[in-house]
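Single-structure report; data block below.
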Amino acid sequence: MKEITWNDFEKVELRAGTIVEVNDFVEAIKPAYQLRIDFGESIGILKSSAQLKALYSKEDLLGKQIVAVINFPNKQIGPFMSECLVTGFYRDNGDVVLTTVDNSVPNGARMG
């Protein structure tokens, strides 16, 4: 394990957001969704691609409050531009379990 400083951690903008739209990402190599996530007034709605199909249906995801990194550079994924990184944990088989918020917080709230 490589240690980081508190200053390093503070550079990562982990924010709460609510998934407001879920679409199939048919062009993705691995099964994925295209998400639109509301991070509140000051940040707005950002897009992300997420490989969540193994454990989550569209209905499961819609309205779910998640945790994402919002200050990575945008990433082109095929024809889709991802604007944030939805966080989660990998199971041994590669399925992703989302990092979610246990009790509602304002969209855009920062972890730290």
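The values are calculated or read from the model by the stated rules, or taken from the named source; none is laboratory data. Computed from a prediction, not measured in an experiment: that's the story for all the values here. Note: ideal-geometry Cβ built from the backbone for every residue, glycine included; neighbour counts use all protein chains shown.
A compact table of results
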read-out: Breaking point among (1) modelled with pLDDT of 95 or more; (2) farther than 26 Å from residue 11 by Cβ, for residue 28; value: (1)
read-out: Matching residues in the range 84-98 - criterion: being acidic (Asp, Glu) and either in contact (Cβ under 8 Å) with a residue 24 or more places away in the chain or buried (at least 16 other Cβ atoms within 10 Å of the Cβ) (or both); value: 95
read-out: Number of the exception - residue 101 against (1) within 13 Å of residue 16 (Cα to Cα); (2) surrounded by fewer than 14 Cβ atoms within 10 Å (Cβ to Cβ); value: (2)
read-out: Within the range 32-83, tally of residues that are buried (at least 16 other Cβ atoms within 10 Å of the Cβ), part of a strand (DSSP E or B) and of a type in the set (S, T, N, Q); value: 5
read-out: Of all residues in the range 56-83 being of a type in the set (D, E, K, R) and in contact (Cβ under 8 Å) with a residue 24 or more places away in the chain, the one that is nearest to residue 105 (Cα to Cα); value: 64
read-out: Flag if residue 38 is among the acidic types (Asp, Glu) and touching a strand residue (DSSP E or B) at 6+ places or on another chain (Cβ under 6 Å); value: yes
read-out: Which numbered condition residue 16 fails, given (1) of a type in the set (A, V, I, L, M); (2) under 17 Å from residue 111 (Cα atoms); (3) part of a loop (DSSP other than H, G, I, E, B); value: (3)
read-out: Lone qualifier among 78, 44 - being small (Gly, Ala, Ser) and closer than 30 Å to residue 6 by Cα; value: 44
